[in-house]
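Heads up, the thing below is written out as structure tokens.
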Amino acid sequence: MAVALSSDQQGILNQLGVTYDQFLFYQNGRIGGRCLTQSMAALLWYDFFLTLGEEVQYVWKTKPRISVAKILWFLNRYWPLASVCMRVWAMAYVQPTKLAYVRHFGL
């Protein structure tokens, strides 16, 4: 199915040095990446809420209140949650630049 591009759209693709098919392949990959990231985030949050009761009981209510092991555990537990939230936000609101297209296509 051929799609008619406006002269502006064709000009942008020409500036990037890519064909319309290459652009579609890139965009479809981005969409697949978004779906994968969002499903990973949902699974991670599900696991977090599933084990929150045990976390409070076995980690935060034990003595000593703060230890090196608890700090390392905290980072191991909460860094992935923060990372996934930033990634989902970025995929939802940040648009790729021309440089991202150039890097993807190896121009």
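The values are calculated or read from the model by the stated rules, or taken from the named source; none is laboratory data. Please read these numbers as outputs of a predicted model, since none were measured by experiment. Note: ideal-geometry Cβ built from the backbone for every residue, glycine included; neighbour counts use all protein chains shown. Just the protein is used for accessible areas: all its heavy atoms, side chains included, with ligands, DNA and RNA removed. Shrake-Rupley method; radii C 1.70, N 1.55, O 1.52, S 1.80 Å.
Taking springs between alpha-carbon atoms closer than 10 angstrom, which of 30, 87, 65 fluctuates most in the Gaussian network model of the chain? Judging by the Gaussian network model, the answer is 65.
Solvent-accessible area of residue 86, all protein chains in place: 110 Å² (probe radius 1.4 Å, heavy atoms, ligands and nucleic acids excluded).
Go ahead and estimate [θ] at 222 nm for the chain from helices alone: -39,500 (n - 2.57) per DSSP H run with n ≥ 4, summed, over the residue count, rounded to 500. Let's see the in-between values first.
Numbers: 5 runs with 79 residues, N = 107.
So the helix-based figure for the chain works out to -24500 deg cm²/dmol.
Using a cutoff of 8 angstrom between alpha carbon atoms and counting only pairs six or more residues apart, the relative contact order for the chain works out to 48 percent.
Once both labels are positioned 7 Å from their Cα atoms along Cα-to-Cβ, the gap between residue 36 and residue 49 label points is 2.6 nm. Counting only alpha carbon atoms, the long axis of helix 20-50 and the longest principal axis of the chain meet at about 10°.
For helix 7-16, report the angle its Cα long axis makes with the longest principal axis of the Cα atoms of the chain; keep it between 0 and 90° and round to the nearest 10°. The answer is roughly 60 degrees.
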